[in-house]
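Coordinate-derived values only; no laboratory data. From a predicted model like this one, the values you see are computed outputs, not experimental measurements. Virtual Cβ from ideal backbone geometry, glycine too; neighbours counted across all protein chains shown.
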Amino acid sequence: MPGASDITRDLDRAFWWIGGVCIVLLAGITVAMLILVFKYRRSRVTTTSQVEGHRLLEAVWIVIPTAIVLWMFYVGYKGFGLIRTMPSEAMVVQVTGKQWAWTFHYPEEGVDSDRMVVPVGTAVRCELAAPPEDVIHSFYIPDFRVKEDVLPGRSTELWFRADREGTYNIFCAEFCGKDHAKMITTLKVVPEAEYREWLRAEVAKKYEPLVFEAFVDANHPKFRELSIDGPALYATFCASCHGAAGDGSGLPNEARDFRQPSGWKLGPKVVDVYRTLSLGVEGTRMRAYPNFSPWEKVAVAQHVRSFLGEQAPADSRQDYDGLVQEYGLDKIQKPKEAIPVERAMELLVQEAGAATRPAGTTRPHGG
Ligand SMILES: [Cu+2]
């Protein structure tokens, strides 16, 4: 498959050159060997002549292969340098690999996503890490020819610049347990404007203030407006354990049947499920979902309790107000507009200069 980023051309060229030289040499040596074996076989030649050294010939077969090998090293080293040198102007995406999903954090906008979206033609630096208690993964985008280990509690990095729009696969390339093969997500490369629009929608999803009307009504138009789909979230994140129909069929040992009142220990109200999703259930496999926005938690909670049907108790205004208080949902603020790094550095330098330079001295040029 042709590469989709600008460095892949150099990498592919290095790959084919080195591969090509190896194939030519392999073929040449094998053919020469077969010819000589045939020509000097015992039945034809019984005596050998005395062979003296040949300076020129020896020099040739030392110098040429050495040159080829050094050249291969150079080509490989150059490609390696391209991959390993992070461009300073790159936008940063923080990638977390955990059993068994990738998540992407956009630090400037404070956005979290389980798919990666980047603008075309922009250098992207991925800061990779796994939670300290997790295992080693490997972040791999075959179309971009980049792959890097993702280590628990340690940071690694990788960069690429996509020069073609499209949707590409992201894999985990390090066997990391039961669902390793499902640790797949997508990278969408879109025009700058579309990327901005996506970010805006993600920010809205995360920071749009919750309203009581939507809290008690799964069909509230705001869910569609924010493109939040409770059943889809459930299918992606919950059904593997709780079963597509909420019958607990994914968890043979700790099965809960959400269709029965007896299947609920912590309560089926939206507020109850919201808390469960925020805190997890300690000592069980039910983890917290800190990356879900409040709207997403509400949408998925509404879907989970819908398994109980008519028997599900309704949330009251007090329930809602209590939750808003508890999680400070009325105080969530969008992160401030981030200033570009260059400008921030300038300000810092100016400040430091003003603080330490004695009055009357002039600013040195350059540097
Ligand atoms: Cu993995």
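Note on the stretch 210-326: Rg/Rh from Cα positions, Kirkwood definition for Rh, rounded to two decimals, is 0.94.
Note on the stretch 120-265: Cα-only Rg and Dmax are 19.4, 55 Å. Hey, what angle do you get for helix 341-356 against the long axis of the chain, alpha-carbon based, 0 to 90 degrees rounded to 10? Taking the Cα atoms of the chain, the angle to 341-356 is about 80 degrees.
When DSSP beta bridges are restricted to pairs lying wholly in the chain, around 70% turn out antiparallel. For the chain, a Gaussian network of Cα nodes joined below 10 Å ranks 281, 60, 211 by mean-square fluctuation, and the top entry is 60.
Working from Cα pairs under 8 Å separated by at least six residues, relative contact order for the stretch 91-191 is 31 percent. Sparsely packed loop sites in the stretch 90-151 (the GluC sites (Glu not before Pro) outside DSSP H, G, I, E and B with at most 16 other Cβ atoms within 10 Å) comprise 108, 133. For residue 130, the amide hydrogen comes within under 5 Å of the amide hydrogens of 97, 151, 153, 154, counting only partners 5 or more places away or on other chains and with H modelled in the peptide plane.
With R₀ fixed at 22 Å, the C-beta to C-beta distance from residue 94 to residue 332 puts the FRET efficiency at about 0.65. Under the simplified labelling scheme, the residue 217-residue 54 pair shows an inter-label distance of 9.4 nm, with each label point 7 Å from Cα along Cα→Cβ. If r is the Cβ-Cβ distance from residue 74 to residue 157 and R0 is 25 Å, what FRET efficiency results, to the nearest 0.05? Efficiency for this residue pair is about 0.55.
The ranking of 22, 241 from fewest to most other beta carbons within 10 Å of each one's beta carbon is 22, 241.
Cα convex hull, the stretch 19-144: 231 Å³ per residue, rounded to a whole number.
Alpha-carbon geometry of the chain: the Rg and the Dmax are 30.3, 106 Å, given in that order. Approximating the spin labels as points 7 Å out from Cα along Cα→Cβ, the residue 278-to-residue 30 distance works out to 6.7 nm. In terms of surrounding Cβ atoms within a 10 Å radius of their Cβ, 226, 56, 251, 187 rank from fewest to most as 56, 251, 226, 187.
In this structure, the pairs whose alpha-carbon distance is over 22 Å, taken from 222/331; 98/265; 222/269; 98/182, are 98/265. Charge dipole (Cα centre; +1 on Lys/Arg Cβ, -1 on Asp/Glu Cβ; no other charges) of the stretch 210-326 amounts to roughly 220 debye.
Using θ = phi - 60° in the Karplus curve 6.51 cos²θ - 1.76 cosθ + 1.60, the 3J(HN,Hα) couplings for the stretch 234-244 round to 4, 4, 6, 9, 10, 4, 4, 9, 8, x, 4 Hz; x is entered for Gly and Pro. Taking every pair of alpha-carbon atoms in the stretch 91-191, what share in percent sits in each 5 Å bin, from 0 to the bin with the longest distance? In order of increasing distance, the bins hold 3, 14, 25, 29, 18, 8, 3, 0 percent. The chymotrypsin sites (Phe, Trp or Tyr not before Pro) found in the stretch 106-196 that occupy coil by DSSP, while having at most 16 further C-beta atoms within 10 Å, are 175. In the stretch 210-326, a dipole from Cβ-located charges (positive for Lys and Arg, negative for Asp and Glu) runs towards its positive end, and of 322, 220, 284 it is 284 whose Cα lies farthest in that direction. Shown for 297, 78, 188, 205: other C-beta atoms within 10 Å of each C-beta, ranked fewest to most, produce the order 78, 188, 205, 297. Along the axis of the charge dipole computed for the chain (Cβ charges of +1 for Lys and Arg, -1 for Asp and Glu, origin at the Cα centre), the listed residues 160, 304, 38 are led at the positive end by 38.
With a cap of 10 neighbouring Cβ atoms within 10 Å, and only residues DSSP puts in a loop, list the trypsin sites (Lys or Arg not before Pro) found in the stretch 6-66. Counting only loop positions with at most 10 other Cβ atoms within 10 Å, the trypsin sites (Lys or Arg not before Pro) in the stretch 6-66 are 41, 42, 44.
Structural descriptor for the stretch 210-326: relative contact order 29 percent, calculated from alpha carbon pairs under 8 angstrom and at least 6 residues apart. The relative contact order of the stretch 15-174 comes to 17 percent, based on Cα pairs under 8 Å that sit 6 or more residues apart. For the chain, the longest principal axis of the C-alpha atoms and the axis of helix 6-39 are separated by about 40°.
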